[in-house]
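Participant: After the structure tokens below, expect a handful of questions from me.
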Ligand code: NAP
């Protein structure tokens, strides 16, 4: 399917690895010019080089912490006018509801709620003025069903989801859609580090921890960054203009609900 976005320009934050990279790759495959970001310059430049080589699109890199106002300003300045925005940042650490201090909550809110909101506030006016735009926020399965060990994620992403629900309906009339993609367990570095934590806590091997988590997913396996990126690219396509303010689970059936 031709996604109809060849020649468009996208900003994908936190995109040197994992799900962000999957989204960047899929947009590049559709002919979209990219601005990508991550903190570590080495992996970021390696990813940019691989995408240029594979898909022949321009890729600009900005090494910065997207949760830091100064870093974010540099990313936005380099991005300029973008047609597509994919927001992403690292996820908060696991723990117990009683563990976290105010500072822990502020950090999680900054990364997983206020940063995507600030990015949208910066990019939406231009998209609306030009009459076309697509925003996809990478959130989490935890929005639909809380993950006990990820209370910081449950809380921060619920706030973002509320903001998107209202805002998506205020910008849709200008040809701009905002939707959230909710990953369940995907095979990335993040999943690896969570599995390592479980393996250590339960005194089992990493393979056993992975197998136990995979067994909780009806699909019987972890998702891939490629599958995730393809769903993101579709939401950014010309075909998805009537999908507004939705929260789309990509979890292999793990969230047990009817709707
Ligand atoms: P990942 O494999 O660890 O990749 C994270 C990417 O984001 C890396 O490129 C990292 O590069 C970059 N990054 C992290 N913090 C950043 C920051 N402050 N500023 C700029 N770039 C930053 O993670 P992932 O699995 O793709 O997860 C992406 C998001 O989806 C996270 O919020 C995660 O919580 C959420 N999620 C993931 C899963 C899953 O199973 N994988 C499930 C549910 C939700 P640098 O470290 O160099 O900055």
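Participant: Can you confirm whether residue 82 is in contact with a strand residue (DSSP E or B) (Cβ under 7 Å, 6 or more places away or on another chain) and either within 15 Å of the ligand (Cβ to nearest atom) or modelled with pLDDT under 95 (or both)? It would help to see each step written out before you state the result.
Facilitator: Numbers: in contact with a strand residue (DSSP E or B) (Cβ under 7 Å, 6 or more places away or on another chain): yes; either within 15 Å of the ligand (Cβ to nearest atom) or modelled with pLDDT under 95 (or both): no.
It is false that residue 82 is in contact with a strand residue (DSSP E or B) (Cβ under 7 Å, 6 or more places away or on another chain) and either within 15 Å of the ligand (Cβ to nearest atom) or modelled with pLDDT under 95 (or both).
Participant: Can you name the condition, by its number, that residue 243 falls short on among (1) within 16 Å of the ligand (Cβ to nearest atom); (2) in contact with a helix residue (DSSP H, G or I) (Cβ under 7 Å, 6 or more places away or on another chain)?
Facilitator: Here residue 243 clears every test but (1).
This table checks each residue for (1) closer than 21 Å to residue 23 by Cβ; (2) more than 8 Å from the ligand (Cβ to nearest atom).
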site: 152; (1), (2): no, yes
site: 155; (1), (2): no, yes
site: 158; (1), (2): no, yes
site: 165; (1), (2): no, yes
site: 172; (1), (2): no, yes
site: 177; (1), (2): yes, yes
site: 186; (1), (2): yes, no
site: 189; (1), (2): yes, no
site: 195; (1), (2): no, yes
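Participant: Report those helices (runs of 4 or more DSSP H) wholly inside the range 138-246 carrying at least 2 residues which are more than 30 Å from residue 43 (Cα to Cα) and at pLDDT 95 or above.
Facilitator: Details: elements: 151-171, 189-202, 206-214, 225-235.
Ranges flagged: 151-171.
Participant: Yes or no: residue 54 more than 9 Å from the ligand (Cβ to nearest atom), surrounded by fewer than 22 Cβ atoms within 10 Å (Cβ to Cβ) and closer than 24 Å to residue 133 by Cβ?
Facilitator: No; evaluated as a whole, the condition is false for this residue.
Participant: Just name the residue that is farthest from the ligand (Cβ to nearest atom) out of those in the range 29-46 that are crowded, with 22+ Cβ neighbours inside 10 Å and under 20 Å from residue 188 (Cα atoms). Give the steps one after another, and end with the answer.
Facilitator: Within the range 29-46, the first condition is being crowded, with 22+ Cβ neighbours inside 10 Å, and the residues that meet it are 30, 32, 34-38, 44.
Those left that are additionally under 20 Å from residue 188 (Cα atoms): 36-38, 44.
Working: 36: 9, 37: 5, 38: 4, 44: 7 Å.
Only one residue fits best here, namely 36.
Participant: On to the next question. Could you go through the range 36-43 and let me know if any residue there is more than 20 Å from residue 119 (Cβ to Cβ) and in contact (Cβ under 8 Å) with a residue 24 or more places away in the chain. Let's see the steps before the verdict.
Facilitator: Step one: list which residues in the range 36-43 are more than 20 Å from residue 119 (Cβ to Cβ), which gives 41-43.
Filter again for in contact (Cβ under 8 Å) with a residue 24 or more places away in the chain, leaving 43.
Checking the range 36-43: at least one residue is more than 20 Å from residue 119 (Cβ to Cβ) and in contact (Cβ under 8 Å) with a residue 24 or more places away in the chain.
Participant: Restricting the search to the range 130-148, which residues are in contact (Cβ under 8 Å) with a residue 12 or more places away in the chain and touching a helix residue (DSSP H, G or I) at 6+ places or on another chain (Cβ under 8 Å)?
Facilitator: Within the range 130-148, 131, 133, 134, 135, 136, 137, 138, 139, 140, 142, 143 qualify.
Participant: Oh, and also: So residue 95 ticks every box in (1) surrounded by fewer than 16 Cβ atoms within 10 Å (Cβ to Cβ); (2) within 10 Å of the ligand (Cβ to nearest atom); (3) modelled with pLDDT under 95 but one. Which box is left unticked?
Facilitator: The number of the failed condition is (2).
Participant: Here's a follow-up. Does the range 1-53 hold any residues that are touching a helix residue (DSSP H, G or I) at 6+ places or on another chain (Cβ under 7 Å) and either at pLDDT below 95 or assigned to a strand (DSSP E or B) (or both), and which are they?
Facilitator: Taking the range 1-53 first, the residues touching a helix residue (DSSP H, G or I) at 6+ places or on another chain (Cβ under 7 Å) are 3-5, 10-19, 21-30, 34-38, 47, 51.
Scanning the range 1-53 gives 10, 11, 12, 34, 35, 36, 37, 38.
The values are calculated or read from the model by the stated rules, or taken from the named source; none is laboratory data. Because the structure is a prediction, the values reported are computed rather than measured. Every residue, glycine as well, gets a Cβ built from its backbone with ideal geometry; the counts of neighbours run over all protein chains shown.
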